[in-house]
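Read the structure below first, then the notes.
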Amino acid sequence: MTVILAFDTATPACSVALWRDGTVCAHRFSAMERGQAEALLPMIEGVMGEANALFTDLDALAVTLGPGSFTGLRVGLAAARGMALAAKLPCFGVSTLEAVVHGTPEGERGAGPFLAVLDSKRADVYAQVFGPDLEPLGDAGAVRPEDLGRLLPPGPVCLVGDAAERAAAALDRKGVETTLSAAFPLPDAAVVAGMAAGKLRAGAAAPPPTPLYLRPP
């Protein structure tokens, strides 16, 4: 039996999920611009209690690395590092852009590239291009919406993330054909847990999680 605890505090939300042998058996998600430091541990306790799980049952942890809110990101990473050290568990890091694109429905995959775009609360957006197989086609960056077309291969693109509509408007003005994904627009710990399970099965290394900053904090 494989059990993974995952959480995200890097975006305008806080989510926690417990993954057990292919199923998310307990899950919490709450939208919040701030307050993740106060919300995270009670949500973890709630998920563990609902799943009737102990920390000694865990095989791994997973956490989002950013890009996102500097404060929220540090909350999640500090909790993940502390728990991993105390319980001697591997901790897998997943970028927020990877998490949103891996939340896309199966029916949307295989037709063309994805552009994951998250709101940076500034003039730019956090962006990264992924292939139909959800593998990255380039690095993540902080990009002005009007410059997003430079990241893309020719042809239509599917947009995912909470800045998708803003990106679509900018790309439409450049003549790029876009569609909006039906995926949830923010990272969710349930998706992060499934991604970490795949890494664990593949025997991937789990170096100590470090923040993914796209600009100086």
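The values are calculated or read from the model by the stated rules, or taken from the named source; none is laboratory data. For clarity, every value in this text was computed on a predicted model and none was experimentally measured. So basically every Cβ, Gly included, is an ideal-geometry build from the backbone, and we count neighbours across all protein chains shown. For accessibility, only protein heavy atoms count, side chains too; no ligands or nucleic acids. Shrake-Rupley method; radii C 1.70, N 1.55, O 1.52, S 1.80 Å.
Within segment 41-61, can one find any residue that is under 17 Å from the mean Cα position of the chain (by Cα), crowded, with 22+ Cβ neighbours inside 10 Å and closer than 14 Å to residue 188 by Cα?
No, the conditions are met nowhere in segment 41-61.
Scan segment 7-35 and report the pairs whose first residue is closer than 15 Å to residue 196 by Cβ and whose second residue is among the charged types (D, E, K, R) and assigned to a loop (DSSP other than H, G, I, E, B), with Cβ atoms within less than 8 Å and a gap of 6+ or a chain change.
Going by the 8 Å Cβ cut-off, the qualifying pairs are 8/188; 15/188; 17/188.
Residues are listed down the side, and each one gets a yes or a no for (1) at positive phi; (2) more than 13 Å from the chain's Cα centre (by Cα):
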| position | (1), (2) |
| --- | --- |
| 88 | yes, yes |
| 116 | no, no |
| 131 | no, yes |
| 135 | no, yes |
| 164 | no, yes |
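Does segment 1-9 contain at least one residue that is on the phi < 0 side of the Ramachandran plot, part of a strand (DSSP E or B) and open to solvent by 10 Å² or more (accessible area, probe 1.4 Å)?
No: zero hits.
Just a yes or no: is a residue in segment 171-194 in contact (Cβ under 8 Å) with a residue 12 or more places away in the chain and on the phi > 0 side of the Ramachandran plot? Can you show your working first?
Residues of segment 171-194 that are in contact (Cβ under 8 Å) with a residue 12 or more places away in the chain, as a first pass: 171, 173-174, 176-194.
Imposing the further condition that a residue be on the phi > 0 side of the Ramachandran plot reduces the set to none.
No - not one qualifying residue is present in segment 171-194.
If a residue must be under 21 Å from residue 95 (Cα atoms), touching a helix residue (DSSP H, G or I) at 6+ places or on another chain (Cβ under 8 Å) and buried (at least 16 other Cβ atoms within 10 Å of the Cβ), how many such residues does segment 13-40 contain?
Total meeting the criteria: 13.
Quick one: is residue 71 open to solvent by 60 Å² or more (accessible area, probe 1.4 Å), within 23 Å of residue 201 (Cα to Cα) and either out of contact with any strand residue (DSSP E or B) (no Cβ under 9 Å at 6 or more places or on another chain) or not aliphatic (A, V, I, L, M) (or both)? Reasoning before the result, please.
On the way: open to solvent by 60 Å² or more (accessible area, probe 1.4 Å): yes; within 23 Å of residue 201 (Cα to Cα): no; either out of contact with any strand residue (DSSP E or B) (no Cβ under 9 Å at 6 or more places or on another chain) or not aliphatic (A, V, I, L, M) (or both): yes.
Judged against the criteria, residue 71 is not a match.
Being open to solvent by less than 20 Å² (accessible area, probe 1.4 Å), in contact with a Phe, Trp or Tyr (Cβ under 9 Å, 6 or more places away or on another chain), not in a helix (DSSP H, G or I) and not small (Gly, Ala, Ser) is the filter here, so list the residues in segment 159-199 that pass it.
159, 160
Scanning for something among the acidic types (Asp, Glu), out of contact with any strand residue (DSSP E or B) (no Cβ under 7 Å at 6 or more places or on another chain) and buried (at least 22 other Cβ atoms within 10 Å of the Cβ), does segment 98-114 turn up at least one residue?
yes
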